[in-house]
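Report on the following structure.
The values are calculated or read from the model by the stated rules, or taken from the named source; none is laboratory data. Model, not experiment: these values are computed from the prediction. Don't worry about glycine lacking a Cβ; one is built from the backbone with ideal geometry, like all the others, and counts go over all protein chains shown.
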Amino acid sequence: MFGRVTEIYGNERMGVFCEDGKHRVGRIRGKIKKRVWVRQGDLVIVSPWDWETQVADKPGKCEITWRYTNAEISWLERNRRIPEILDINNIPL
């Protein structure tokens with residue numbers, strides 16, 4: 001699932017707006033933790049936690065598994081793979 005990083009909380013946690021329209025708290029996967037720097041506005045792949053029980057007032061959680069580079073994003077945009085809801089100007093903060 002695609003997502004866009006909206007906030008950085010610290011301690012490898014970030015606010016992510018996912019393509020299903022939900023805000024989630026994303027945790028950077030251990031394999032890419034020190035190799036890839038994730039910044040606000042980056043397009044990422046997330047995998048939502050299925051084993052977590054949903055609490056009404058709190059956002060769900062997910063794991064950030066990949067960050068796209070600018071060249072990869074331009075290829076995805078040319079081939080219309082990125083959903084329109086993840087356009088950086090359309091994301092509700």
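Within region 16-38, the residues that satisfy the criterion of being closer than 17 Å to Ile91 by Cβ, touching a residue at least 24 places away in the same chain (Cβ under 8 Å) and either out of contact with any helix residue (DSSP H, G or I) (no Cβ under 9 Å at 6 or more places or on another chain) or surrounded by 12 or more Cβ atoms within 10 Å (Cβ to Cβ) (or both) are Val16, Phe17, Cys18, Glu19, Lys22, His23, Arg24, Val25, Gly26, Val38.
Taken over region 63-93, the residue count meeting the criterion of being polar (S, T, N, Q) and either under 24 Å from Gly30 (Cα atoms) or touching a Ser or Thr at 6+ places or on another chain (Cβ under 8 Å) (or both) is 3. Here Gly41 meets each of (1) surrounded by 14 or more Cβ atoms within 10 Å (Cβ to Cβ); (2) assigned to a loop (DSSP other than H, G, I, E, B); (3) not acidic (Asp, Glu) with one exception, condition (1).
Exactly one residue among Leu86, Leu76 is farther than 20 Å from Gly10 by Cβ, surrounded by 10 or more Cβ atoms within 10 Å (Cβ to Cβ) and in contact (Cβ under 8 Å) with a residue 60 or more places away in the chain, and that residue is Leu86.
In region 1-15, the qualifying residues are those that are part of a strand (DSSP E or B) and aliphatic (A, V, I, L, M), and the one that is surrounded by the fewest Cβ atoms within 10 Å (Cβ to Cβ) is Ile8. Checking Ile8, Ile32 one by one, the residue that is out of contact with any Lys or Arg (no Cβ under 6 Å at 6 or more places or on another chain), among the hydrophobic types (A, V, I, L, M, F, W, C) and modelled with pLDDT of 95 or more is Ile8 and no other.
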